[in-house]
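Read the structure below first, then the notes.
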Amino acid sequence: MKVILNNTVKMLALAAAMTLASSASAQSAGQWTAKLGLNQLTPKVESSDLSAPALPHTKADVGSDTKPVLVFAYGLTDNISVEIPLGLPYKHTLYGAGAIEGTGKLGTSSVLPATALVQYRFFDPKAKIRPYAGLGATYAYFHKATGSGQLTALLDVGGPAATFKLKNKMAATLQAGVAVAINDSWFADIGVTKTFLKTKATFSTGQTQDIKLDPFGVMVSVGYKF
């Protein structure tokens, strides 16, 4: 995270310096933009206890992942736009927490977050620096969930290896960011998102666990205005 933020500061400073002697044209009504960057999703996890039979306070944690993302946006007006990110599924690792913290990797799951956002872009379309705020919805599609040997041992399964699945869910997403014009066509962008996502893990033993993921995203990108 520190590396991403440090690189972001350097990118925005460079972009700002390049715009001092240039005219700028930010997104306006009827204009398409595309940006390509890296997005890091970090779940802010709170979980319930694993249902019985299990040790008291058996909880879960989930690791972060970073993937490239291509984002398209269209200006409905000079200040209002719609944005849709497209990217690869994120692969998150499930860890033990609470009474089982330190047990290692319990499994992995991929998630494809399908998101659509409506944004309000501040200032005039020709402003060199243009903050924005967005509100939208995300449908989290979980797939390829795989349990580890540690998960099987934890659940004390005497037969086949333990497995689990996560329930697909719809959630609200908030967004904030800033675009910095480099010239009439190119811009640098940094944005953050917060998705209020809760799901349920169901294990092959019949045990369940409610998990609040609430992932925080940080994206650094470079874009082009058509």
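One table, with the values for the structure above:
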| quantity | calculated |
| --- | --- |
| 12 Å beta-carbon shell around V222, net charge (K/R +1, D/E -1) | +1 |
| Length gained when the stretch T77-Y120 is fully extended (0.36 nm per residue, less Cα-Cα span) | 14.5 nm |
| For L106, residues with placed amide H under 5 Å, excluding near neighbours | L94, Y95, G96 |
| Neighbourhood charge, 12 Å Cβ-Cβ cut-off, centred on K165 and excluding it, Lys, Arg +1 and Asp, Glu -1 | +3 |
| Alpha-carbon Rg with Dmax, taken over region 148-226, Å | 20.5, 65 |
| Cα centre as origin, Lys/Arg/Asp/Glu Cβ charges: the chain dipole, Debye | 220 debye |
| Mean Cβ count within 10 Å, highest first, over the residues of peptides 174-183, 197-206 | 174-183, 197-206 |
| Top positive-direction residue, dipole computed over the chain with Cβ charges, set I182, L154, S48 | I182 |
| Estimated vicinal HN-Hα couplings, Hz - region 43-56 in sequence order (Karplus 6.51, -1.76, 1.60; Gly, Pro = x) | x, 9, 8, 9, 10, 7, 6, 4, 5, 5, x, 7, 4, x |
| Projected area averaged over orientations for region 47-178, convex hull of C-alpha atoms, nm² | 9.9 nm² |
| Region 122-159-region 188-226 distance, computed between alpha-carbon centres (Å) | 2 Å |
| Overall Cα dimensions of the chain, principal axis frame, Å, largest first | 69, 31, 24 |
| Too-long pairs where the Cα-Cα distance tops 31 Å, listed order kept, from K67/K198; K128/K167; K126/K198; K198/K225; K35/K165 | K128/K167; K126/K198; K198/K225; K35/K165 |
| Length-normalised contact order of region 2-225 in % [C-alpha pairs under 8 Å, at least 6 apart] | 24 percent |
| Helix axis angle, 2-19 relative to the chain longest principal axis, alpha carbon, degrees | 10 degrees |
| Positive-end residue of G104, T163, A145, charge dipole of the chain with Cβ unit charges | A145 |
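Any read-out appearing in this document is the output of simple, stated calculations on the displayed coordinates, not a laboratory observation. Please read all numbers here as calculations on a predicted model, not as lab measurements. Every residue, glycine as well, gets a Cβ built from its backbone with ideal geometry; the counts of neighbours run over all protein chains shown.
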